[in-house]
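K.L.:
Sharing a structure here in structure tokens format.
The values are calculated or read from the model by the stated rules, or taken from the named source; none is laboratory data. Bear in mind that the values here come from a model prediction, so they are computed numbers and not experimental data. Glycine gets a Cβ as well: all are built from the backbone with ideal geometry, and neighbour counts include every protein chain shown. Heads up: the accessible areas ignore ligands, DNA and RNA and are worked out on the full protein's heavy atoms, side chains in. Shrake-Rupley method; radii C 1.70, N 1.55, O 1.52, S 1.80 Å.
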Amino acid sequence: MLPRFPEGFVWGTATSSYQIEGAVHEDGRGPSIWDSFCARPGAIRNGENADVACDHYHRWPEDVALMAGLGVNAYRFSVAWPRIQPDGRGPANPKGLDFYDRLVDALAEHGIAPALTLYHWDLPQALQDAGGWMNRDTAHRFAEYAGLVADRLGDRVPTWITLNEPFVHMTEGHALGVHAPGEALLLDALPVAHHLLLGHGLAVPELRGRTSGQVLITNNYSPVWTATDSAADRAAATAFDALQNRLFTDPVLLGRYPDLSAYGVDGAFPFVEDGDMDVITAPLDGLGVNYYSPTRVAAPNSGVRTGGASVLSEVEGHLDGTGLPFEDAPIDGHPVTAFGWPVVPEGLREMLLTLRDRYGAGLPPILVTENGCSVRDEPGRPDQERIDFLDGHLRALHQAIAEDGVDVRGYFVWSLLDNFEWAEGYEQRFGLVHVDFATQRRTPKASYHWLRERLAEYR
Ligand code: GBH
């Protein structure tokens, strides 16, 4: 039995458009940067793509029924910008909006509140051709797109999330090139960060004028641990934390960029124009927190690196000698997921406490908008690791709420379905529901049944 959560707590599952929808050529959808990236030889494991993915575009009624059967009261999904504006600009494509309109109404019929993410990394290719997020104009295009979606759905969607994990989009997509659009600009990708933040800030008033729903941004957070207590390792941890946890949060909540001097970046950003920070600090109703695992770092050249832990560990290889102010250190003594990520439930509580202490009264209420793990697919074997993962993280979350007083209003499991896990193709499975991609047959896993029983206890 799990401890009780506050009355009215939001329980949901999360997905994103490109990872589940498929139907990439249907009803006027334009190409996105992920379609292009998947076509690059070697970009995706096993040469896979998301042309079909979970075929959610056609099978959404079954997926809504699965959620209703699970007993959640919320669902976080994202809208594919290229369905709404095939070229990234101009009037809305009505058929694109119709799809989400039907989805939102079907959710409402089952008492499931939609939490709509506007941007989960699938930029219209036409905008990339014009420079993508390196181009300041993309921020204005994003705000316009936000308005079009809210024109249609503003009356029925209570939760709006502007961006999903801009940190991952910047680092993996634009600094390292292992995600779309496949740019390897290293720290020259910083304008991408600013333009994403500007797009977020410009979208907020567009949403406010069209919906009374709450508006959030979702970031991924990882508590940063130091390998040892040495001054050098602590400096490395501070440097990594600035990038991982502050770059997309300090501007929004504090109106300034974190200190990036450890990266040789002096803070006189030529791409920041007068008034931008006023836009970026538009008040929010909540903060979306995605949590997967902590990161442990050491000073450069300490020799502890195991390779491939954090997102940026790869930068080191790319920079070769010029060096980052940190390197990865292994996290021992914890189980790891099928992806190799350490399972550290107390890291969620630690991160929530850090956010509370760091931003104080400036921290809006929190929604945990993603948490989950990949488990190896062995037919017939229950996904006990996922049950243990969710049980542990929900207990840690409860402690953060009940013992630390952090204002957390909801929790979304990543993910409802096994789906297209970006550069990993279909190998990593995060679903509560198994998907046989050959037949599109959906089968609830043991974790689905476990969560259904837990949620039933709350009613
Ligand atoms: C999210 O990103 C995405 O929003 C979602 O689309 C995706 O499917 C889901 O998570 C699962 O990946 O190697 O131990 O240091 C997650 C961002 C960045 C979290 C890398 C884990 C590395 C963990 N991830 N990070 S570790």
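K.L.:
Which of (1) under 30 Å from Arg40 (Cβ atoms); (2) within 15 Å of the ligand (Cβ to nearest atom) is the odd one out, the single condition Thr439 does not satisfy?
P.N.:
Condition not satisfied by Thr439: (2).
K.L.:
If you don't mind, another one. Which pairs turn up if I take residues in the stretch 120-134 that are open to solvent by less than 40 Å² (accessible area, probe 1.4 Å) and look for partners that are of a type in the set (Phe, Trp, Tyr) and more than 16 Å from the ligand (Cβ to nearest atom) with beta carbon separation below 8 Å, at least 6 apart in sequence or on another chain?
P.N.:
From residues that are open to solvent by less than 40 Å² (accessible area, probe 1.4 Å), the pairs are Leu123/Trp133.
K.L.:
Restricting attention to the stretch 239-262, report how many residues are crowded, with 17+ Cβ neighbours inside 10 Å and among the hydroxyl-bearing types (Ser, Thr, Tyr).
P.N.:
Final tally of qualifying residues: 2.
K.L.:
Moving to a separate point now. Just to be sure I understand, how many residues within the stretch 439-459 are in contact with a Gly (Cβ under 6 Å, 6 or more places away or on another chain) and not in a helix (DSSP H, G or I)?
P.N.:
Total satisfying the criteria: 0.
K.L.:
Mind telling me which of the residues Trp11, Trp34 ends up being over 15 Å from Phe77 (Cα atoms) and under 19 Å from the mean Cα position of the chain (by Cα)?
P.N.:
Trp34
K.L.:
Determine whether Gly47 is modelled with pLDDT of 95 or more and within 19 Å of Phe437 (Cα to Cα).
P.N.:
For Gly47, the condition - modelled with pLDDT of 95 or more and within 19 Å of Phe437 (Cα to Cα) - is met.
K.L.:
Then there's this: Among the helices (runs of 4 or more DSSP H) lying completely within the stretch 8-99, list those that include at least 1 residues that are within 23 Å of Glu453 (Cα to Cα), in contact (Cβ under 8 Å) with a residue 12 or more places away in the chain and out of contact with any Ser or Thr (no Cβ under 8 Å at 6 or more places or on another chain).
P.N.:
Output list reads 56-70.
K.L.:
If you scan the stretch 405-428, which residues turn out to be farther than 19 Å from Val168 by Cβ, in contact with a strand residue (DSSP E or B) (Cβ under 8 Å, 6 or more places away or on another chain) and not aliphatic (A, V, I, L, M)?
P.N.:
Asp407, Arg409, Gly410, Tyr411, Asp418, listed by residue number.
K.L.:
For the stretch 349-366, enumerate the residues that are open to solvent by 10 Å² or more (accessible area, probe 1.4 Å) and within 16 Å of the ligand (Cβ to nearest atom).
P.N.:
Of everything in the stretch 349-366, just one residue is open to solvent by 10 Å² or more (accessible area, probe 1.4 Å) and within 16 Å of the ligand (Cβ to nearest atom), namely Glu350.
K.L.:
Of the residues Gly360, Gly392, Gly380, which is assigned to a loop (DSSP other than H, G, I, E, B) and more than 19 Å from the chain's Cα centre (by Cα)?
P.N.:
After ruling out the rest, the residue left standing is Gly380.
K.L.:
Mind checking which residues of the stretch 266-323 are modelled with pLDDT of 75 or more, more than 26 Å from Thr354 (Cα to Cα) and of a type in the set (Asp, Glu)?
P.N.:
Within the stretch 266-323, Glu273, Asp274, Asp276 qualify.
K.L.:
Now, a different point. Exactly one of these conditions fails for His110: (1) touching a residue at least 24 places away in the same chain (Cβ under 8 Å); (2) closer than 23 Å to Trp34 by Cβ; (3) open to solvent by 10 Å² or more (accessible area, probe 1.4 Å). Give me its number.
P.N.:
Only one criterion is unmet by His110, namely (2).
K.L.:
Right, something else. Within the stretch 112-147, count every residue that is within 16 Å of the ligand (Cβ to nearest atom) and of a type in the set (Ser, Thr, Tyr).
P.N.:
2
K.L.:
Away from the ligand (no atom under 16 Å from the Cβ), crowded, with 22+ Cβ neighbours inside 10 Å and either of a type in the set (Val, Ile, Thr) or outside any helix (DSSP H, G or I) (or both), is that true of Val289?
P.N.:
It is false that Val289 is away from the ligand (no atom under 16 Å from the Cβ), crowded, with 22+ Cβ neighbours inside 10 Å and either of a type in the set (Val, Ile, Thr) or outside any helix (DSSP H, G or I) (or both).
K.L.:
On the given criteria, is Ala80 open to solvent by 40 Å² or more (accessible area, probe 1.4 Å), closer than 23 Å to Tyr426 by Cβ and aliphatic (A, V, I, L, M)?
P.N.:
No; evaluated as a whole, the condition is false for this residue.
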